[in-house]
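The values are calculated or read from the model by the stated rules, or taken from the named source; none is laboratory data. Note that this is a predicted model, so its numbers are computed, not measured. Cβ placement follows ideal geometry from the backbone for every residue including glycine, while neighbour counts extend to all protein chains displayed. Note: areas computed on protein heavy atoms with side chains; ligands, DNA, RNA excluded. Shrake-Rupley method; radii C 1.70, N 1.55, O 1.52, S 1.80 Å.
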Amino acid sequence: MAIKTKRFIASRKSCSCSMPGVWRAVAYCEGVVVIFHSPRACAHVARSMDINAQYRAYAEGRREQEGTVPLLSSQLEEKHSIFGGAERLEACLDYALQEYKPQCLVIANSCVAGVIGDDVEAVARKKEAQYGVPVLQLDCCGFLDGEYYQGYYGMSELLIKRFFKPAPKEVGSVLLLGDNGGPWGHYATEVTRLLQALQVKVIGQFPGYMPFKALPRATSAQAMIILGGRGQSHEGLSKIASLLKEGFGMPYLDQYPVGWQRTQAWIVAAGKLLQREKLAAKALLQEKQHFDAALAKYLPVTKGKRVVLCIGRLLKYFHPESVLETIRLLQMDLTGIILLDAYDKAEREKMLQALAPAVQTQIYSAAAGEPLLEAADLVLTTHELQNESIKQIFLPMLPKVGTTGELEFMELIYRRLASRIKGGLSYV
């Protein structure tokens, strides 16, 4: 009998709307107003994203995020699918410009606007000339011919081309590239903490979190730090970084500090990039001392404990090396790795090749590996298992980074093993 999971995520390409992507690219850019050329309900999607982000912040004990910029909808109706919605959009732009007096307007087009065939570009040019305020729009329409990242990175590139200007470099400063929960999120706060040890300050986070007036001076940063990950989001950020490097001479650090080894490498690389090698060496020593002290606390509980790793995500989104490193550092006994029934032949082979040089442990199918679960002290899994009698830790799609992220992961493992509760699921 095979292992049963609650759900699978095995998509190879995202299928989403471009409008929330456009929105997130400017959502916290003070001075901007966003208009969805869409039915009223489409704006609810962006609103839901912001509410969910606030809930995540509360759940993680972080402070409340700042308010977003105004978001309006042209409120297309059924009749506009016949007669067109350009006049409706013009009226909405007039209202936004007169009511909010923005420094920039951004239009995100919906599927409906694309099907109707409204000349949104002509409307944008007309209003920009009339009011003397930049009006930006992308040639992608909701689900029709785009997706989230096309909207997000398309608007980012448009902002760079329109508003970024050459500026004298400010030594000891960096520009963060990417979202990952914004300046309030774990990724940005951990990177900022590590950079402070190098006496480097963050002048902004792009796209999405710099006031409109501050965009031209973003190029004054000595370097850029990509808040990357894996998959499509990382590819887009790398493209943005390359665009800024070529256009404004801004070098960048493109490393993902997940796990202890990668975090140490990141600190060394950041020191080299910013010509702060001595400070980086000092910071690395301090991080090691902090890490070793925490590890000494965990080992009496974790050493020798039996752990099983269940993997069901594609290699594009989940690389197992950082989890395997954590298991080794905690001196746990990896009794087996189970590949869940989420792979076709080619994807399964990719994961096997990634695991081969990293472990000597036997790799099982979902059917063959089920007996391992009951004997394990802990199961680390990319998918929630239906068997509630075993102790599980769910491995997130976006793992926490840096020393803090690694120690939080270890702390959770330590607490789960020390707990007398037999089963249950915990989230990193």
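Assorted remarks:
- Selection count, region 271-300, where residues are in contact with a Phe, Trp or Tyr (Cβ under 8 Å, 6 or more places away or on another chain) and open to solvent by less than 30 Å² (accessible area, probe 1.4 Å): 2
- For Tyr149: the one exception among (1) more than 24 Å from Phe248 (Cβ to Cβ); (2) in a helix (DSSP H, G or I); (3) touching a residue at least 24 places away in the same chain (Cβ under 8 Å); (4) out of contact with any strand residue (DSSP E or B) (no Cβ under 8 Å at 6 or more places or on another chain): (1)
- Of the helices (runs of 4 or more DSSP H) that lie entirely inside region 333-420, those containing 2 or more residues that are open to solvent by less than 40 Å² (accessible area, probe 1.4 Å) and within 30 Å of Leu195 (Cβ to Cβ) span 402-418.
- Complete set of residues in region 325-354 that are under 23 Å from Glu374 (Cβ atoms), aliphatic (A, V, I, L, M) and touching a helix residue (DSSP H, G or I) at 6+ places or on another chain (Cβ under 8 Å): Leu330, Met332, Leu334, Ile337, Ile338, Leu339, Leu340
- Counting only residues that are among the charged types (D, E, K, R) and under 15 Å from Tyr317 (Cα atoms), region 332-348 holds 2 of them.
- Some residue of region 223-231 being surrounded by 14 or more Cβ atoms within 10 Å (Cβ to Cβ), in contact with a Pro (Cβ under 9 Å, 6 or more places away or on another chain) and part of a strand (DSSP E or B): yes
- Hits in region 143-173 - residues which are hydrophobic (A, V, I, L, M, F, W, C) and at pLDDT 90 or above: Met155, Leu158, Leu159, Ile160, Phe163, Phe164, Ala167, Val171
- Applying the criterion of at least 1 residues that are of a type in the set (Lys, Arg), under 26 Å from Leu215 (Cβ atoms) and modelled with pLDDT under 80 to the helices (runs of 4 or more DSSP H) found wholly in region 18-126 leaves 42-59.
- Take the conditions (1) open to solvent by 30 Å² or more (accessible area, probe 1.4 Å); (2) over 17 Å from Pro396 (Cα atoms); (3) touching a Gly at 6+ places or on another chain (Cβ under 9 Å); Tyr317 misses just one of them, which is (2).
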